[in-house]
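To start, the structure under review is shown below, and the notes come after it.
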Amino acid sequence: MKIETETYSPYSTFSKEEWARLRFNTPMTLTKSEIEELQGVNEQVSIDEVSNIYIPLTRLINLYTTASQQLHSVTDTFFGKSTRKVPYILGMTGSVAVGKSTSARIIKALLSRWPNHPKVEIVTTDGFLYPNAELERRGIMHRKGFPESYNIKELIKFLALLKSGTPRIKAPVYSHLYYDIIPEDYQIIDQPDIVIVEGVNVLQTPSSDDQTLPSVFVSDFFDLSIYVDADENDLIEWYIDRFKKLRLTAFNNPNSYFKRYAYLSDAEAEETAAGIWNSINKVNLKENIEPTKNRGDIILVKDASHNVTSIKLRKI
């Protein structure tokens, strides 16, 4: 007898049509212009995509968050005292250029407009990269974005404070214009209901022979995690397309770290972007990011048009 291993998958898989039906009567709360402001440089997110994918997704997250808050209330009742509530933490990850930042912004915007009006914040792990000077000192500037380029101890300290209900926590700020941490600039996180932690390596765990990472991991603080997935051929195409568009926009800023790329021809830009992808981003994807995919609670699978075609939800 042939055993269908897919039957025993830890995930329930939904087509976009099946997933769209789970919206029920949840209203659309974003306009077309608002969606356009939220999307990335080389993404075209339609109202249908938000309606069919992100509204059901945020409906699920809202239900999870509400259940978590109810559990907190029940625990307070059990102990006979009132304690400070802690935020529901959502991890968002996936490859460079996959569109996870856009997904995070759309999720935040939709969640913030639910009838219970939760306070939602996004924290990117870019802020916990070591400054360029420190990366240079360690000789790992070429490994920026890899696990060893992050100050994991500070990130875990931040998440521990967040999960303890500490008010007014400071998160360092990273500038993509300067390609570095901005000294003395901080994002203040003050007791939100939901925090989306977005970054390429948030589901990372150490290899069995790695003794340098702590015994507590970033993902230990997550209540729910989402992995945005796409075929590698699409990823490199999106990366090159984004690079070419940034060459005509952000790279033209005289303060940009990448201003040297602003005057490349199309052919030169494609060759440069492909070289960066193959030597850095592809290596990080294969070694560190992609192996964590099945640690995600939800996997959003995209097609070549940047549209989500299927959703995998971990069985409970």
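The values are calculated or read from the model by the stated rules, or taken from the named source; none is laboratory data. Bear in mind that the values here come from a model prediction, so they are computed numbers and not experimental data. Positions of Cβ are generated from backbone atoms using ideal geometry, with glycine treated the same way; all protein chains shown enter the neighbour counts. Calculation scope for accessible area: heavy atoms of the full protein, side chains included, ligands and nucleic acids excluded. Shrake-Rupley method; radii C 1.70, N 1.55, O 1.52, S 1.80 Å.
Under a model in which nothing but the beta-carbon of Lys, Arg (+1) and Asp, Glu (-1) is charged, the stretch 160-300 shows a dipole of about 420 debye around its Cα centre. For Arg314, neighbours were defined as the other residues whose beta-carbon sits under 10 Å from its Cβ, and their charges (Lys and Arg +1, Asp and Glu -1) total +2.
Relative contact order of the chain, please, whole-number percent, based on alpha carbon pairs below 8 angstrom and at least 6 residues apart.
On the way: 471 pairs, mean separation 79.2, N = 316.
It rounds to 25 percent for the chain.
A viscosity of 1.567 mPa s and a temperature of 4 °C, combined with the Kirkwood radius over C-alpha pairs in the Stokes-Einstein formula, give the chain a diffusion coefficient of 62 µm²/s. Computed over the chain with a Gaussian network model linking Cα atoms closer than 10 Å, the most mobile of Arg168, Arg260, Arg113 is Arg260. Charged side chains reduced to their Cβ positions (Lys and Arg at +1, Asp and Glu at -1) give the chain a dipole of some 920 debye around its Cα centre.
For Lys245, the solvent-accessible surface computed with a 1.4 Å probe is close to 80 Å², ligands and nucleic acids excluded.
Within the listed set Ala269, Ala133, Ala250, the Gaussian network model of the chain (springs between alpha-carbon atoms below 10 Å) gives the highest mean-square fluctuation for Ala133. Charge dipole of the stretch 42-166 (Cα centre as origin; +1 on each Lys and Arg Cβ, -1 on each Asp and Glu Cβ, all else neutral): 400 debye, rounded to the nearest 20.
Largest GNM mean-square fluctuation across Arg59, Arg84, Arg23, computed for the chain with C-alpha springs under 10 Å, falls on Arg84. Could you sort out which of Lys32/Lys244; Lys282/Lys312; Lys119/Lys244; Lys144/Lys259 sit more than 27 Å apart by Cα distance in this structure? From Lys32/Lys244; Lys282/Lys312; Lys119/Lys244; Lys144/Lys259, over 27 Å: Lys119/Lys244. Residues whose amide H comes within less than 5 Å of that of Gly91, counting only those at least five positions distant or on another chain, are Val197, Asp223, Leu224, Ser225, Ile226 (H built at 1.01 Å from N in the peptide plane). Note on Ser73 and Arg168: the model spin-label points, each 7 Å out from Cα along the C-beta direction, lie 2.9 nm apart.
Can you find, among Tyr257, Val218, Ile240, the residue farthest towards the positive end of the dipole of the stretch 161-316? Put +1 on the C-beta of Lys and Arg, -1 on that of Asp and Glu. Among Tyr257, Val218, Ile240, the one farthest towards the positive end of the dipole of the stretch 161-316 is Val218. Farthest toward the positive end of the dipole of the chain, out of Tyr150, Val96, Asn25, is the Cα of Asn25, where the dipole comes from beta carbon charges about the Cα centre. Along the stretch 297-302 the Karplus relation, 6.51 cos²θ - 1.76 cosθ + 1.60 evaluated at θ = phi - 60°, assigns HN-Hα couplings of 7, 10, 10, 9, 9, 9 Hz to successive residues, with x for each Gly and Pro.
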